[in-house]
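Student: Before anything else, here's the structure in question.
All of the numbers you see were taken from the coordinates with simple rules; none came from a lab. As the structure is a prediction and not an experimental result, all values here were calculated from the model. Glycine also receives a Cβ, built like all others from the backbone with ideal geometry; neighbour counts cover every protein chain displayed.
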Amino acid sequence: MSHAFVFRRLGTGLALGLAWSCAAAADGVSTLSPVVVKAPVGQGALQADFRHEQARLDAVAGGTNLIQPQSEVRLVTLRDALDYQPGLVVQDFFGGIDQPRLNIRGSGIQSNPVNRGVLLMQDGLPLNEADGSFVIGFLEPRNTSLISVRRGANALSAGATTLGGELDFQSLTGTQGDVLSVEGGSYGRLGLHAGKGFQTDTMDGRLALSHDKADGYRHHSSSERTSVQGNLGFRRGQFENRSYLSYVDLKFDIPNVVPRERLYRDPQSVLGDEQQPLDRINNIYRRDPNRKATQWRLANRSYWGTQALNQTAGVYWQTVDDTFTNPQVSSPTKGHTYGAQWQLAGQTGVVDYRVALDWARSDMDRELYAVSPANGSRALFFGDYRLRAENRNALLSLGWRFARQWTLVGDLKYSQAIRDARNRLSGQALDQKWSYASPKLGLIWQPAQDLRLFANVSRSHEAPTYWEIISAEVPQPMNVRSAVTGLTALQVQKATTVELGGAGRLGSGTSAVDWSLTVYRSTVKDELMAVSDAIGTSSITFNYGDRTRHQGLEAGLNGSLPAPGSAWLDYRLSYTYSDFRFRGGEYAGNRIAGVPRHLLSAELLYRRGGWRLGPNVRWLASDTPTNHQNVAGTQQDAYAIWGFKVDYQHGKHWSAYLMADNIFDKTYASSYAIRRSATVAMPTYLPGNGRSFFGGLRYAF
């Protein structure tokens, strides 16, 4: 059965679901009464609230996700929080506490280290540096109440203009999630977490601490993270102010890539375990690739007014001390980022409006050292960069309810992006500044309470980060004096996207099915392409010289079915189809490397009383090219990884879980280096974890 046939059948089935929902609305079929959720005493506008956030996303004419991570059995890695979500592709780096590839509609998938393509936010304020880069391991899902995802041009903040959109991690506040937990498992995994807060009518506060460590499945893959997060809120009348403080210390070893033959013969191995030429050139034990990063962050937000007219203002400051060491080059970066936001929002008659301003600046210093092939020390200092990035953004958004069931939505974002860089050693300098407008026009039709259909056309822009602008490599790996660095002038990546879809509920009562479906097509110009060298180390970034096309489908289903023994079967399913191709130029007709075409995640849990148990699967249903030339035999092979989990809730306080991942011990590549072209013998693949078992115990206050 061809993939195209499967794609058509899935699209047809979901289209019939749309038709059924419309017919139900037209025939007057009853729908669920509104669910009334009583907010905790003193709940403020800046505190995470599911009902309020869902209403905000319902006013978006495009694909979104609203995730409640605290309902997950395990919540340590980003995959734990984002699994079973349509449109979100998470590719493990090496399955530890590290830096997975996060991909939304192909934005930033090729960056290495993975650091661009989406705007990450913490409580409504950017977590990215001003150049657009981020360290994804700084996120702590265990202290998160909601994750609001606005895919693509559906991003709501003025500073989010990329093809990928934005993710907002909204913190637990007050006495939400007061907990002590411990967990452990295979490969030396140990996790500790504690969170406690207080709440009165006018004030609340919370402090959360966590520490995680793991030895890792592969050799040279240990990881460790310590996180401290706190927030304090104050409310009086129509005014609310909230302050946030966080500290994260992250470090992990990097096992790096291996050739295809070794992936399947010995997936735990690294280069250096054998006596082949590649092992001598790129001995991981001697070169010791790793990442050590810390961040301090202080932020404050204020809100005043009513739903009819309100203002929100925010400021933040964060420091980063990040040393990323690949097998050839060590790149310590230190910097400070400052930012400020302001928004005026309100309603007048049938028109909703928002006006917003956003400013961010980063001042960073980045040094470059060639890594000694003998002992991993800094053998040659060959780059000393002074970096300044600044963004200025403005937003005007209008929503016009021109008929009872119809809303026309228009957004216009105007941005200026500055990327100035100077190498103190050579005197080479490159100052770049871009100005661009990112408009969007959308339409929402809501014929029933549980049915929302939408369409939009939009423009997106993405300026390069310093990881793309600064190149650094050692062309002769055994000769550190061959190290070279330079500054690359790049264009802003631009895309025009057309999007159609909807979301709703089929049926009524406890057996109702929640569904979502989005299809999109983006025509991209000057796409930013980052490629690796022959031994799998990051090399250069360039703008592709012709058009590329990103198109796909994002679909989700979840619900519950009655089961024998007064029990229920809870199910979740997400499917993401990605068809990304070069439309012209050097690789015309080829698939863009790095993005799986068919990705399906599904879970089925038997629930009775305090028990939940059942299987899950992550199915990469097609081979994925690892290079733009699409060389035969160099692809990431399709795979299916099965798991099983058991969760027990005893009363209001105690809960425990046991889970197994990759229960059939499948050998597979979780990720890979992306190149222009490749041979089968090149080190390309990052093996995924083997069979593993985990368990945890949790006490909720």
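Student: For segment 196-238 and segment 510-535, what is the separation of their C-alpha centers, rounded to whole Å?
Tutor: 31 Å
Student: For segment 332-428, just the Cα set please: Rg and Dmax, both in angstrom.
Tutor: 22.8, 72
Student: Note the angle between two axes, namely the Cα long axis of helix 3-26 and the longest principal axis of the Cα atoms of the chain, as a number of degrees from 0 to 90, rounded to the nearest 10.
Tutor: 20 degrees
Student: Whole Å is fine, so just give me how far the alpha carbon centre of segment 332-396 lies from that of segment 117-158.
Tutor: First find each Cα centre; the distance between them is then 13 Å.
Student: Relative contact order for segment 553-701: what percent, with Cα pairs under 8 Å and sequence separation of 6 or more?
Tutor: Details: 368 pairs, mean separation 25.7, N = 149.
Computed over segment 553-701, the figure is 17 percent.
Student: Longer than 21 Å from Cα to Cα, which of Lys196/Lys652; Lys292/Lys433; Lys440/Lys525; Lys213/Lys666 are they? Say none if no pair is. Each step should come with its number before you reach the end.
Tutor: Values: Lys196/Lys652 16 Å; Lys292/Lys433 31 Å; Lys440/Lys525 18 Å; Lys213/Lys666 24 Å.
Listed pairs above 21 Å: Lys292/Lys433; Lys213/Lys666.
Student: Let me ask something else. Please compute one quarter of the surface area of the Cα convex hull for segment 181-338 and express it in square nanometres.
Tutor: Numbers: hull surface 53.1 nm².
The orientation-averaged projected area of the Cα hull of segment 181-338 comes to 13.3 nm².
Student: May I pose another question? Under 8 Å for C-alpha pairs, at least 6 residues apart: give me the relative contact order for segment 159-217, rounded to a whole percent. Before the final figure, lay out the partial values.
Tutor: Working: 93 pairs, mean separation 18.2, N = 59.
This gives 31 percent for segment 159-217.
Student: Oh, and also: In segment 103-186, if the dipole is taken from +1 on Lys/Arg beta carbons and -1 on Asp/Glu beta carbons about the Cα centre, which of Ile109, Ser157, Ser145 is farthest to the positive end?
Tutor: So the residue furthest toward the plus end is Ile109.
Student: Stretch Gln311-Ser372 to full length: gain in nm at 0.36 nm per residue minus the Cα-Cα span?
Tutor: Working: separation 61, 0.36 × 61 = 21.96 nm, distance 5.43 nm.
This chain segment gains 16.5 nm when fully extended.
Student: When Lys and Arg each count +1 and Asp and Glu each count -1, what net charge do the other residues less than 10 Å away from Asp637, Cβ to Cβ, add up to?
Tutor: On the way: positive: Arg260; negative: Asp623.
Every neighbour counted, the sum reads 0.
Student: Taking Rh as the Kirkwood radius computed over C-alpha pairs, what is the Stokes-Einstein D of the chain at 10 °C in a medium of viscosity 1.306 mPa s, expressed in µm² per second?
Tutor: On the way: Rh = 26.1 Å.
In µm²/s, the coefficient rounds to 61.
Student: Extension gain Trp642-Thr523, at 0.36 nm per residue separation less the Cα-Cα distance, in nm? Mind showing how you got there, number by number?
Tutor: Numbers: separation 119, 0.36 × 119 = 42.84 nm, distance 3.56 nm.
Full extension of this stretch gives 39.3 nm more.
Student: Another one. Could you give the length gained on full extension between Gln238 and Ala700, defined as 0.36 nm per residue of separation minus the Cα-Cα distance, in nm? Please list the in-between numbers first.
Tutor: On the way: separation 462, 0.36 × 462 = 166.32 nm, distance 3.20 nm.
Contour length minus Cα-Cα distance gives 163.1 nm.
Student: Which is farthest toward the positive dipole end of the chain among Gly305, Ser426, Gly216, measuring Cα position about the Cα centre, with Cβ charges +1 (Lys, Arg) and -1 (Asp, Glu)?
Tutor: Result: Gly305, furthest along the dipole toward the positive end.
Student: First measure r as the distance between the Cβ atoms of Asp365 and Arg286, then evaluate 1/(1 + (r/R0)^6) with R0 = 35 Å and state the FRET efficiency to the nearest 0.05.
Tutor: Details: r = 28 Å, r/R0 = 0.79.
After rounding, the FRET efficiency stands at 0.80.
Student: Something else now. Sequence gap at least 6, Cα distance under 8 Å: using those rules, report the relative contact order of segment 550-615 to the nearest whole percent.
Tutor: Numbers: 123 pairs, mean separation 20.9, N = 66.
The normalised contact order for segment 550-615 reaches 32 percent.
Student: Given the Cα atoms of segment 530-599, and with Rh set as the inverse mean 1/r over their pairs in the Kirkwood sense, what is Rg to Rh to two decimals? Don't skip to the end; give the middle numbers.
Tutor: Details: Rg = 20.2 Å, Rh = 15.7 Å.
Reported Rg/Rh (Cα atoms, Kirkwood Rh): 1.28.
Student: Set the Förster radius R0 to 41 Å, insert the Cβ-Cβ distance between Asp201 and Tyr414 as r into 1/(1 + (r/R0)^6), and round the FRET efficiency to 0.05. Could you put the intermediate results ahead of the total?
Tutor: Details: r = 42 Å, r/R0 = 1.01.
After rounding to 0.05, the efficiency reads 0.50.
Student: For segment 130-216, build the convex hull from the C-alpha positions and give me its volume per residue in Å³. Please list the in-between numbers first.
Tutor: Numbers: hull volume 12.6 nm³, N = 87.
Per-residue hull volume (Cα only) is 145 Å³.
Student: In a shell of Cβ-Cβ distance under 10 Å around Leu398, excluding Leu398 itself, what net charge do Lys and Arg (+1) and Asp and Glu (-1) give? Before the final figure, lay out each step's value.
Tutor: On the way: positive: Arg354; negative: Asp352, Asp411.
Result for the local shell: -1.
Student: I would also like to ask the following. Determine, for Ser692, Ser157, the number of other Cβ atoms within 10 Å of each Cβ, and report the residues in order from fewest to most. Working shown, then result.
Tutor: Values: Ser692 18, Ser157 22.
Taking fewest neighbouring Cβ atoms as first place, the list is Ser692, Ser157.
Student: Mind putting together the pair-distance distribution for segment 50-105? All Cα pairs, 5 Å bins, whole percent per bin, short to long.
Tutor: 4, 17, 22, 21, 19, 9, 6, 1
Student: Which Cα, out of Gly185, Leu443, Gln318, lies furthest along the positive dipole direction of the chain (beta carbon charges, K/R +1, D/E -1)?
Tutor: Selected residue: Leu443.
Student: Output the peptides 564-572, 332-340 sorted from most to least packed, where packing is the average of other Cβ atoms within 10 Å over each peptide's residues.
Tutor: Details: 564-572: 13.9, 332-340: 17.8.
Packing proxy ranking, top to bottom: 332-340, 564-572.
Student: Given the DSSP H assignment, sum -39500 (n - 2.57) over each helix run of at least 4 residues in the chain and divide by its residue total; what's the result at 222 nm in deg cm²/dmol, nearest 500?
Tutor: On the way: 7 runs with 57 residues, N = 701.
Helix contribution divided over all residues of the chain: -2000 deg cm²/dmol.
Student: Can you give me the Cα centroid spacing of segment 627-687 and segment 89-105 in angstrom?
Tutor: 10 Å
Student: Tell me, what is the Rg over Rh of segment 215-258, with Rh the Kirkwood radius over Cα pairs?
Tutor: Values: Rg = 19.2 Å, Rh = 13.8 Å.
My calculation puts Rg/Rh at 1.39.
Student: So what does the Cα-only Debye profile of segment 42-187 read at q = 0.19 Å⁻¹, as log10 I(q)/I(0), no solvent term?
Tutor: Cα-only, vacuum Debye calculation for segment 42-187: -1.22.
Student: Separate question: What FRET efficiency comes out for the pair Arg265/Ile663, r = Cβ-Cβ distance, R0 = 35 Å, nearest 0.05?
Tutor: Values: r = 22 Å, r/R0 = 0.62.
Using R0 = 35 Å, I get an efficiency of 0.95.
Student: Now, a different point. With label points built 7 Å along Cα→Cβ from the Cα atoms of Met478 and Asn590, find their separation and express it in nm.
Tutor: 3.0 nm
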